[in-house]
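Each value in this text was obtained by applying a stated rule to the coordinates, not by laboratory testing. Everything quoted here is computed from the prediction, not taken from an experiment. Here the Cβ positions follow ideal geometry from the backbone for every residue, glycine too, while neighbour counts run over all protein chains shown.
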Amino acid sequence: MTKTYSAFNLLREGLRANKGWGRAWRTPEPKPSYDVVIIGGGGHGLATAYYLAKNHGLRNVAVLEKGWLGGGNTGRNTTVIRSNYFYPESAALYDLSVKLYEGLSKDLNYNVMFSQRGMIVTAHSEPEMEMAARQVNAMRLNGVDAELLDAAEVRRLEPALSFRADMRHPIHGGVLQKRAGTGRHDAVAWGYARAADAAGVDIIQNCEVLDLILEAGRCVGVNTTRGEIRAGVVGAAVAGHSSVLAGMVGVGLPITSYALQAFVSEPLKPVLNRVVLCPPYGTYVSQSDKGGLVIGGGLDRVPSYGQRGNMPMQEEVLSGLSEMMPMLNKVKLLRHWAGIVDVTPDSSPILGPSGVEGLFLNCGWGTGGFKAIPAGGYLFAHLLAEGTHHEISRPFDLSRFDTGYLVDEGAASGIAH
Amino acid sequence: MQIFPCPFCGPRDEREFHFAGELGKTRPDTRDGVSDADWARYLHEQRNEKGHVREVWMHMPCSELFVLERDSVSMAVIGSSPLRGAAE
Ligand SMILES: Cc1cc2nc3c(=O)[nH]c(=O)nc-3n(C[C@H](O)[C@H](O)[C@H](O)COP(=O)(O)OP(=O)(O)OC[C@H]3O[C@@H](n4cnc5c(N)ncnc54)[C@H](O)[C@@H]3O)c2cc1C
Ligand SMILES: [Zn+2]
């Protein structure tokens, strides 16, 4: 069976009618116990399993997913990868992630199609230009690439945007991060799954965790739709369902679950080179390799576990798009959907112990955790293997809500996934 | 658009309504001091329930706060009542 993807194997399999490719990962029966059980087969859970094996030599590991791999937010997101954050703590976290993404296709032997086409966040007034300059300076001080653009430069890079003088919010300039871009969401989940499986990790789909098993106050395993599974340590990476999971052992979290929506248009000839976010319209857009516009916006401001789109936000995001690029007014949508995202008060993630011994949390990524999958997995694997924080994950401990040491990116860098 | 019931104005378009918070959160008594953990819990912790929820909403045209009971998965409205009396 051919396993590795290489030019030679592609040619060889091409000549053999592609009959030699095996399955990318196994479908094992759950074992009665593992050293580490990870709940949630999204990007974060699968990346964690991969780095547990790769960085810590832990292979007796299971990932339990109630549905199919990447069927949560990982397979529903608009795939923007960037590290244009404000605070040093966030810059360290998200830039670690971008760096890992830069080598990921090679590391996993799986093409995650990370395309560093750049991202522009526009500014629409003189005060916003001041804030943009502050953002650029903060990013550079944190060692992250950033450039300040004036209106002419934005126009040269993205001529499809509207520069009409009578615009409600005329473009004055923007912030460009050249290393930002997009990736292929499914490939990130599948690439990590395949590499983790090859390292010996059991990936078990259609296996929902119904309860956490506590013994003498310690979490020692999980009850699932496929029976009881014991664990040395349990890690939860269940995004929008984090409150439900933590609630099983009486832990309350500073998380609200909201629907976040996205849209894809019919395929068009190339109109857009980069990812563009126009904050006053609450809309951002990129163009996929197939030509479809991938469009996103802000959260529904109504707590929800209803994983589907709805009209009010559709109206807001698409009216924003038609203001940004009036030339797209007649473009038709192909699909519209939502994912349930886990939002914290400071829009920063939660990584660390849950308060119950033996149970660790990787959650709170909210609207922006796709870009963080490699770093989230890397740091969560460290936590599960060592029992203590990596320096980069320490500021994101749950205890920050007691000490007041919030990493308030919601206020500092606003929405943008 | 979905129709929500305002207890004062009747059935109205969902875009006229604003979610204010979960029902039943009471501010800790700070006269004798309150621990950081209790204060943090009051400020930040959410029940964030999946299923039947009871919440405080505002109907913006009449500016009245009221209790909306709904299903957080299906979004079906279960009931709506004035806030006065609900806290008891
Ligand atoms: C519309 C939209 C657009 C977005 N755009 C971007 C973007 O452009 N850039 C960006 O960086 N981020 C973006 N995000 C956010 C990003 O998608 C998420 O932060 C990220 O995918 C979270 O990954 P995860 O692995 O933590 O969660 P998920 O991928 O949601 O995985 C969690 C998994 O846990 C499983 N699960 C839950 N409960 C249980 C249980 N009891 N037992 C077993 N399994 C369980 C779920 O089925 C799910 O598969 C977007 C999100 C949405 C919804
Ligand atoms: Zn009213």
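Structure above, values below:
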| quantity | calculated |
| --- | --- |
| Whole-Hz ³J(HN,Hα) from phi, Karplus 6.51 cos²θ - 1.76 cosθ + 1.60, for the stretch A:267-284, glycine and proline x | x, 10, 5, x, 10, 9, 8, 10, 8, 10, 10, 10, x, x, 8, x, 10, 9 |
| Proximal lysines relative to B:LYS25, as straight alpha-carbon distance under 28 Å, when same-chain residues fewer than 8 apart are discounted | B:LYS50 |
| Crossing angle, helix A:311-324 versus chain A [Cα axis fit, 0-90 degrees, rounded to tens] | 50 degrees |
| Kirkwood-Stokes translational diffusion coefficient of the stretch A:370-417, alpha-carbon pairs, 10 °C, 1.306 mPa s, µm²/s | 130 µm²/s |
| With Cα atoms, 0 to 90° folded angle of helix A:88-102 axis to chain A main axis | 80 degrees |
| In order through the stretch A:39-50: 3J(HN,Hα) via Karplus (6.51 cos²θ - 1.76 cosθ + 1.60), integer Hz, x for Gly, Pro | 9, x, x, x, x, 5, x, 5, 5, 4, 4, 4 |
| A:VAL37, A:VAL144 arranged by Cβ crowding within 10 Å, fewest neighbours leading | A:VAL144, A:VAL37 |
| Exposure proxy ranking, count of Cβ atoms within 10 Å, fewest first, for A:THR224, A:THR344, B:THR30 | B:THR30, A:THR224, A:THR344 |
| Sequence-distant lysines (8 or more away, or on other chains) whose Cα lies within less than 26 Å of A:LYS371 | A:LYS54, A:LYS66, A:LYS99, A:LYS106, A:LYS178, A:LYS290 |
| 10 Å Cβ neighbours from other chains, averaged over peptide B:70-82 | 2 |
| Over chain A, relative contact order from alpha-carbon pairs under 8 Å, at least 6 apart, % | 23 percent |
| Within-15-Å neighbourhood charge of A:HIS336 [Cβ basis; K, R +1; D, E -1] | 0 |
| Net charge over other residues, Cβ less than 14 angstrom from the Cβ of A:GLY387 (K, R count +1; D, E count -1) | -2 |
| All lysines inside 22 Å of A:LYS19 as judged from Cα atoms, apart from same-chain residues fewer than 8 positions distant | A:LYS3 |
| Formal net charge of residues neighbouring B:VAL67 (Cβ-Cβ distance under 9 Å; K, R +1; D, E -1) | -1 |
| 0 to 90° range, to nearest 10: angle between helix A:373-386 axis and chain A longest Cα axis | 30 degrees |
| Residues A:LYS178, A:LYS371, A:LYS19 arranged by fewest to most Cβ contacts within 10 Å | A:LYS19, A:LYS178, A:LYS371 |
| Calculated FRET value between A:MET131 and A:GLU102, using beta carbons and R₀ = 41 Å, to 0.05 | 0.90 |
| Rotationally averaged projected area of the stretch B:41-88 (alpha carbon convex hull; nm²) | 4.3 nm² |
| Sparse-neighbourhood loop sites, trypsin sites (Lys or Arg not before Pro) in the stretch B:13-44 - DSSP loop, at most 10 other Cβ within 10 angstrom | B:ARG31 |
